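Here is the structure we will look at.
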Amino acid sequence: MALRLAVQALSATLLSRAETTSPSPKPPSKSNNSKQQSQRPAGAAAAATTTSGRRLATASVAAVLASQLLPPVASSGAGTFDLRLTLPEKSSEEAEAVVRTHARNLLGVKRFIDAGAWRELQAALRASASNLKQDLYAIIQAKPTGQRPELRRLYSDLFNSVTSLDYAARDKDQVQVQEHYGNIVSALDEIFAKIM
């Protein structure tokens, strides 16, 4: 989804640049004094043509990239892109049904910590954390407005600990890994106490 948004933004930017034309040169003034007349250098016409050609080529590349990477979107005009904000992919009910499973998967990286399998730890951590992150986001968004700030803080603490654990695993720092894993366990306990 992030790739889709990035391509859409890039395409829109490139197309808007391509649609703008370079400023036209000022016509020579009609006064009799030839020294006051602005003259265009000989190479300026070629440079303007080259610049507009580059813009057109860039817009074409952006359109081709967008057509290859993005699914077709029903739109009202040719060359328009779907730039709407996306909603969470799961409803809060769907997320609540699987959030405990994803939390267990995240806590399941303990076996890699105990074995000192750092690469496997990082891979499992990233895979399980991304699913849990989507689920918790959907659940938090469905909560009443008054509860969200505290849940967002806990959410932030949890995933900051996940990131720190990832870095500690990269550095193969056993002490830091154990500390951040403990932070993850306590953050999950706090979050589940508030959302369930």
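None of the figures in this text is laboratory data; all of them are computed from the coordinates on show. Just so it is clear, the structure is predicted and the values come from calculations on it, not from any experiment. All Cβ positions, even for glycine, are placed from backbone atoms using ideal geometry, and neighbour counts span all protein chains on display.
Measuring from label point to label point, each 7 Å out along Cα→Cβ, what is the R126 to R170 span in nm?
Rounded to a tenth, the inter-label distance reads 1.0 nm.
What FRET efficiency do you get for E94 and K133 if R0 is 22 Å and r is their Cβ-Cβ distance, rounded to the nearest 0.05?
0.90
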